[in-house]
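Participant: Below is a structure I'd like to ask you about.
Computed from the coordinates by the stated procedures, all read-outs in this text should not be read as laboratory data. Quick caveat, the model's predicted, so the values are computed rather than measured. Heads up, the Cβs are rebuilt from the backbone with ideal geometry, glycines too, and the neighbour counts pull from every protein chain shown.
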Amino acid sequence: MPQAIRLWQVNEQDRLQEIKQTSLDLEQRLHAWLEADISIISNDLLVIGSEVRTFYGGFIDLLCINSSGDLVVVELKRGLTPREVVAQTLDYASWVKELSREQVIDYADEYLNRKFNLHLEDAFQRQFNTELPEALNENHSLLVVASSFDKSSERIINYLSEDYGVNINALTFQYFNHESDQEFLGRVFLIEPSVVQRASQNKKGYKRKPNLTREELRNLSQENGVGKIYEKLVQGLLSEFFKKTNTTLSSLVFCGDYSLSRNAAILSLDVTDSNAEEGLLFRCFTMRFAEYMKVCEESMISCYPSNYQPWQYDHSGLPQWEGHKGYFTSTDDVENFLAKLAEVGKHGS
C-alpha cells in the first residue's frame, strides 16, 4: 500500500504548519503535466506518443521509451475505477508487445515531428546522450497513474508483479493546496520500481519472437513457391530505389525518409502469406511511397499490379497509415512494376 504523504511548511514564527491533503480529480491535469515533463515519473523516459490509438480502438494516454529502447505505457484512471484501468492497461500491453522497430519509429516520429520538429533518433540522442539502440521494444512496462487506488487494485498489481513477473506498477499523486493558494504534488509508487524490475527479470515473462533473417525470408519464399518473383523484386528495388531494408516476423520491409518520419516503412513483401497460386503479397503505404518518389499518389498507384486493393494498417484514418496491397503473380509483374517506377521516378525528380 502506498505511503501517505504528510507535508509541513515552516512559517514566519519558525514553526511547522501542516498543509492538509486535498481531494482533487487530478487525472484531468496530470496528463498535461506528465506530457510536458515526464521526469516527474522518471529521468529515464522520453514521451513518444500521446493518446496513441491502438489497433483495437483504445487510446494509450502516454507512450514512452527508456534509454534501453523498451516501451513504457503510462495510463491514467480518467474516471474509470482503478480495477478497470488496470485491465485496460493490460489490454494495451497486448498491442504494444507486437510493435516492430519500424512501427515504434513511425509512431514516435509522427508525434515528435509534430510537437518538436524532431525525429526519434535526434530526440533520443538529446534525452539520453546515446544513439538509438538497434533493438527496440524487446521488453515493455506498464504504469497505472491515479490520485488513489482501492485495496483490491493494489492486490491485483502486486499479484501480477510478484507472482507472474509482469512489469507493472502503480503511481499515486497526492495533492496539497495551501491556504495561500499554493499547490503541491506528492508522488508515491505502490511498489519500489527496482523491486518490480527485479521481479520481471527473475520470471520467465513474454519474449517476443525474433524477426526472420533475410536468409530465412529468402528460403521461405522458395518454399512458398514465389522464390523467383521475390528474388527479382528485391534485387530490382535495392539496385534502383531503396538503400535500407528491415525484417519483421513475416516480411521484408523497404524503408525511406518522408516528411513525418525517418527510415519509415514504405513497402513490405509478406512472404509468410504468399503462395504459388496467388503470388507474392505486397503492402504499401501509398502516401509515403509517393512522397519518397516525389510523385503524386495517382502516379504511384499506376505502378501497382492490376490486382491491387485499398489497405490500411490501423483504423486511425490518417493517410500515412493507409495504402494498398496486392500480389505479384509473375516475374513479368515485377518487370512492369520496376519499369513504371523508373518512369514515374524520372518525371518526379
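Participant: All other residues with a Cβ under 12 Å from the Cβ of Val344 taken together, and with Lys, Arg as +1 and Asp, Glu as -1, what is their net charge?
Facilitator: Residues close to Val344 contribute a combined charge of 0.
Participant: Using the number of other C-beta atoms within 10 angstrom as an exposure proxy, rank Trp33, Trp8 with the fewest first.
Facilitator: Trp8, Trp33
Participant: When each pair of different Cα atoms in the stretch 42-112 is counted once in the 1/r mean, what is the Kirkwood radius in angstroms, to one decimal?
Facilitator: Hydrodynamic radius (Kirkwood, Cα pairs) of the stretch 42-112 is 12.5 Å.
Participant: Another question about this same structure. Filter the cross-link list Lys97/Lys232; Lys294/Lys325; Lys232/Lys325; Lys97/Lys244; Lys97/Lys228; Lys244/Lys346 down to pairs whose alpha-carbon distance in this structure exceeds 28 Å.
Facilitator: With Cα atoms farther than 28 Å apart: Lys97/Lys232; Lys97/Lys228.
Participant: Ordered by residue, what ³J(HN,Hα) values in Hz, to whole numbers, does the stretch 261-275 give under the Karplus form 6.51 cos²θ - 1.76 cosθ + 1.60, where θ = phi - 60° and Gly and Pro are x?
Facilitator: 7, 10, 6, 7, 5, 10, 9, 10, 10, 8, 6, 5, 9, 9, 7
Participant: Okay, helix-only estimate at 222 nm for the chain: each DSSP H run of n ≥ 4 adds -39500 (n - 2.57), divide by all residues, round to 500 deg cm²/dmol; what do you get?
Facilitator: Value at 222 nm, helices only: -11500 deg cm²/dmol.
Participant: Just going by the charge dipole of the chain, with Lys and Arg at +1 and Asp and Glu at -1 on Cβ, which of Thr89, Trp321, Gln222 is farthest out on the positive end?
Facilitator: So the residue furthest toward the plus end is Gln222.
Participant: Only Lys, Arg, Asp and Glu count, each charged at its Cβ (+1, +1, -1, -1), so figure out the dipole size of the stretch 7-202 about its Cα centre, rounded to 20 debye.
Facilitator: Rounded to the nearest 20 debye, it is 380 debye.
Participant: Quick one: grab the alpha carbon gyration tensor of the stretch 160-269, order the square roots of its eigenvalues as a ≥ b ≥ c, and give me rounded if a/c is under 1.5, else prolate or oblate depending on whether a/b is larger than b/c.
Facilitator: oblate
Participant: Another question about this same structure. What are the extents of the Cα atoms of the stretch 29-77 along their three principal axes, listed from largest to smallest and rounded to whole Å?
Facilitator: 30, 27, 14
Participant: While we're here: What's the magnitude of the charge dipole for the stretch 114-258 around its Cα centre, counting Lys and Arg as +1 and Asp and Glu as -1 at the beta-carbon? Answer in Debye, nearest 20.
Facilitator: 600
Participant: Find the eigenvalues of the gyration tensor of the Cα atoms of the stretch 49-204, then list the square roots of 5 times those eigenvalues as equivalent ellipsoid semi-axes, largest first, in whole angstrom.
Facilitator: Working from the Cα gyration tensor, I get semi-axes of 26, 21, 16 Å.
Participant: Near the amide H of Val166, under 5 Å away, which other amide H atoms are found, from residues 5 or more places off or on another chain, if H is placed in the peptide plane?
Facilitator: It is Ser161, by chain and number.
Participant: For the stretch 214-348, count the residues as N, evaluate 2.2 N^0.38 Å, and divide the Cα radius of gyration by that value, please.
Facilitator: Its radius of gyration relative to the 2.2 N^0.38 Å reference: 0.97.
Participant: Something else now. Counting only C-alpha contacts under 8 Å and six or more residues apart, can you give the relative contact order of the chain as a whole percent?
Facilitator: Once divided by the residue count of the chain, the mean separation gives 13 percent.
Participant: Could you tell me whether the stretch 246-298 comes out rounded, prolate or oblate from its Cα gyration tensor? Rule is a ≥ b ≥ c as square roots of the eigenvalues, rounded for a/c under 1.5, then prolate if a/b exceeds b/c, otherwise oblate.
Facilitator: In terms of gyration-tensor shape, oblate.
Participant: For the stretch 213-223, what does the Karplus curve 6.51 cos²θ - 1.76 cosθ + 1.60, with θ = phi - 60°, yield as ³J(HN,Hα) per residue in whole Hz, taken in order and with x for Gly and Pro?
Facilitator: Taking θ as phi minus 60°, the curve returns 7, 5, 5, 5, 5, 4, 5, 5, 5, 5, 4 Hz for the stretch 213-223.
Participant: Could you give the radius of gyration (one decimal) and Dmax (whole number) of the Cα atoms in the chain, in Å?
Facilitator: 24.5, 90
Participant: I've got another one for you. About its Cα centre, what dipole magnitude does the chain give when the only charges are +1 on Lys and Arg Cβ and -1 on Asp and Glu Cβ, stated in debye to the nearest 20?
Facilitator: 480
Participant: Among Phe116, Ser153, Leu142, which residue has its Cα furthest toward the positive end of the charge dipole of the stretch 87-172, with +1 on Lys/Arg Cβ and -1 on Asp/Glu Cβ?
Facilitator: In the stretch 87-172, that residue is Ser153.
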